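Some notes on the structure that comes next.
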Amino acid sequence: MKIFIDTADLDEIREACSWGIVDGATTNPSLIKRAVDKRGGNVTMEKYIREILETVPGPVSLEVIATDAEGMVEQARLLHRKFSPYGEVVVKIPVNPSLDESGTRDFDGLKAIQTLKNEGIPTNATLIMTPEQALLAAKAGASYASPFAGRIDDYIRKRMGLRLGVDFQKGDYFDYGLVNALVRARLKDVMESKTGPLSELYSERDVREVLAKAQDNGICSGVDLVARIVRIYRNYGYKTQVIAASIRNARQVREVAEVGVDIATLPFNVIREMIRHPKTLEGMRRFTEDIVPSYRRLFK
Ligand code: E4P
């Protein structure tokens, strides 16, 4: 599995690249904002992005800001032309760039992806929240597809009635195994109070309610979303690579690796979390205490 760093913060990018584990990077307008804010707004954007590209030893995703197909294609060409001399530019295109419910822009992302593919400009279809969107992105010719695992976990927890920042924090692991056990137990309780043929139970409101709140149209968690997309792409041999995005903790990284995702794009703090364990720390302290002088002298 490749690891991309999910940040636009050059200090973080430089440090993570020095660890020898970074294969690429992903940015988005919010990550760019965070990096600019950290420097007090003091950023010459063109120079800054150039430095990111020169630092990262692989593809760097840069996102367009237009929301119509023509505008996205123009911006993608500009990003590709301007920054390709400094590194491997991948253009991030929202899978559906609509900003309202009218639906008029629903397919502009796919149109842009198709045009860019024909021009040889690699794309990363972003803001993917369903396997259906991922399937369409692959068909349109996206080089990468980015399902947002953490945001789907947030969404399901919200449907269950949990509040971000109150009942759970952004980095908390979403334990779907536990949710599933709770759903089964609750379902058993509900079922015990019901009688009637299967057809009636199937459409029973209480039964449906127990199931519906702990998933998003059959998607049980962010990792489940990633796993299903990986499976669909492998079923049909799509070349589009899956980037597990919106990753919030180390355990999620392990789980997307277990389902065989091509790439995980990770915030700096998640990479740091991956290397730590209290027993490793304890072991290091013990080994250091136990060094006998004759062994230490070997290294003098
Ligand atoms: C990367 O491609 C995404 O833009 C990023 O992972 C989103 O992460 P977030 O949901 O934590 O903002």
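The values are calculated or read from the model by the stated rules, or taken from the named source; none is laboratory data. Values in this document were obtained by computation on a predicted structure and should not be read as measured data. Using ideal geometry, Cβ is built from the backbone for each residue, glycine included, and neighbour counts are taken over all protein chains shown. Note: accessible area is taken over every heavy atom of the protein model, side chains too, but ligands, DNA and RNA are not part of it. Shrake-Rupley method; radii C 1.70, N 1.55, O 1.52, S 1.80 Å.
Table for the structure above
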| quantity | calculated |
| --- | --- |
| Yes/no for E63 being within 13 Å of the ligand (Cβ to nearest atom) and open to solvent by 10 Å² or more (accessible area, probe 1.4 Å) | yes |
| Hits in segment 225-236 (condition: touching a helix residue (DSSP H, G or I) at 6+ places or on another chain (Cβ under 7 Å) and open to solvent by 30 Å² or more (accessible area, probe 1.4 Å)) | R228, I232 |
| Filter result for Y173 (modelled with pLDDT of 90 or more and more than 22 Å from the chain's Cα centre (by Cα)) | no |
| Top-ranked residue in segment 190-205 [being in a loop (DSSP other than H, G, I, E, B) and not hydroxyl-bearing (S, T, Y); ranked as surrounded by the fewest Cβ atoms within 10 Å (Cβ to Cβ)] | P197 |
| Among (1) among the acidic types (D, E); (2) within 14 Å of the ligand (Cβ to nearest atom); (3) open to solvent by 50 Å² or more (accessible area, probe 1.4 Å), the one test that E15 misses | (2) |
| Residue in segment 22-45 that is in contact with a Pro (Cβ under 6 Å, 6 or more places away or on another chain) and either at pLDDT 95 or above or within 16 Å of the ligand (Cβ to nearest atom) (or both) present | yes |
| Failed criterion for G171 (all others in (1) in contact with a Leu (Cβ under 9 Å, 6 or more places away or on another chain); (2) within 16 Å of the ligand (Cβ to nearest atom); (3) farther than 30 Å from E74 by Cα hold) | (1) |
| Entirely in segment 237-295, the helices (runs of 4 or more DSSP H) that have 2 or more residues that are polar (S, T, N, Q) and either open to solvent by 20 Å² or more (accessible area, probe 1.4 Å) or out of contact with any Phe, Trp or Tyr (no Cβ under 6 Å at 6 or more places or on another chain) (or both) | 278-289 |
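One line per residue, one yes/no per condition, for (1) within 13 Å of the ligand (Cβ to nearest atom); (2) within 16 Å of K170 (Cβ to Cβ); (3) out of contact with any Leu (no Cβ under 7 Å at 6 or more places or on another chain); (4) among the charged types (D, E, K, R):
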| position | (1), (2), (3), (4) |
| --- | --- |
| R231 | no, no, yes, yes |
| S246 | yes, yes, yes, no |
| Q252 | yes, yes, yes, no |
| A264 | yes, no, yes, no |
| E273 | no, yes, yes, yes |
| R276 | no, no, yes, yes |
